[in-house]
1. Tell me the carbon and sulfur percent of the accessible area for region 29-73, rounded to whole percent, probe radius 1.4 Å.
2. Compute the length gained on full extension between LYS79 and ASP15: take 0.36 nm times their separation in residues and subtract their Cα-Cα distance, giving the result in nm to one decimal.
3. Which of the aspartates and glutamates could a cross-linker bridge to LYS78, judged by Cα under 16 Å and excluding same-chain residues fewer than eight apart?
4. Above 17 angstrom, tally the Cα pairs of region 1-56 and express them as a % of all pairs, no decimals.
5. Under the Kirkwood approximation for Rh and a Cα-based Rg, what ratio Rg/Rh is obtained for the chain?
6. Between region 75-89 and region 34-65, what is the C-alpha centre distance in whole Å?
7. Please give the per residue accessible area of the chain, computed with a probe of 1.4 Å over protein heavy atoms only, in Å².
8. Among PHE83, PHE54, PHE21, determine the one that fluctuates most according to a GNM of the chain built with springs between C-alpha atoms less than 10 Å apart.
Amino acid sequence: TFEAWFDVTGTGTMDVIGVSFIKIQQSTDGSNWTTVRTYTKESYPSLIDYNTTFHTAGVSYTATGGYYYRAYIQLYAKKGVNFATMDEYTSRIYIPAN
């Protein structure tokens, strides 16, 4: 099992701040990636917060040995009618086979 955590800091108090989604991606070679699990702000309300400048949270995933993994995270902030997103990828990790 591993965890994917994020921190988001707004330019001021945001109406909504956090992530739109966290996608856990798997690869046999560390280059070609397939999404194996998606956590969304709708299904996991802890991924966002309201009326604050900063938010941090994370998710856990039980991996299968013998693969590389990374997380693809879309950061999200909204104030009034304006919003911004930014895509980030974690470094890859290798989970050895048992």
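1. Numbers: 1070 of 2450 Å².
Using a 1.4 Å probe with all protein chains present, region 29-73 comes out at 44 percent carbon and sulfur.
2. Working: separation 64, 0.36 × 64 = 23.04 nm, distance 0.49 nm.
Here the segment from LYS79 to ASP15 would lengthen by 22.5 nm.
3. Within the straight-line cut-off, LYS78 pairs with ASP7, ASP15, GLU42, ASP49, ASP87.
4. Working: 724 of 1540 pairs.
Value for region 1-56 (Cα pairs over 17 Å): 47 percent.
5. Numbers: Rg = 14.7 Å, Rh = 14.1 Å.
Checking Rg against Rh, the ratio lands at 1.04.
6. For region 75-89 versus region 34-65, the Cα centre distance is 15 Å.
7. Details: 5800 Å² over 98 residues.
With all protein chains present, the chain gives 59 Å² per residue.
8. So, out of PHE83, PHE54, PHE21, the one fluctuating most is PHE83.
The values are calculated or read from the model by the stated rules, or taken from the named source; none is laboratory data. All values derive from a computational prediction rather than experimental measurement. Here Cβ is always computed from backbone atoms with ideal geometry, including for glycine, and neighbour counts include all displayed protein chains. Surface areas here come from the heavy atoms of the whole protein model, side chains and all, with no ligands, DNA or RNA. Shrake-Rupley method; radii C 1.70, N 1.55, O 1.52, S 1.80 Å.
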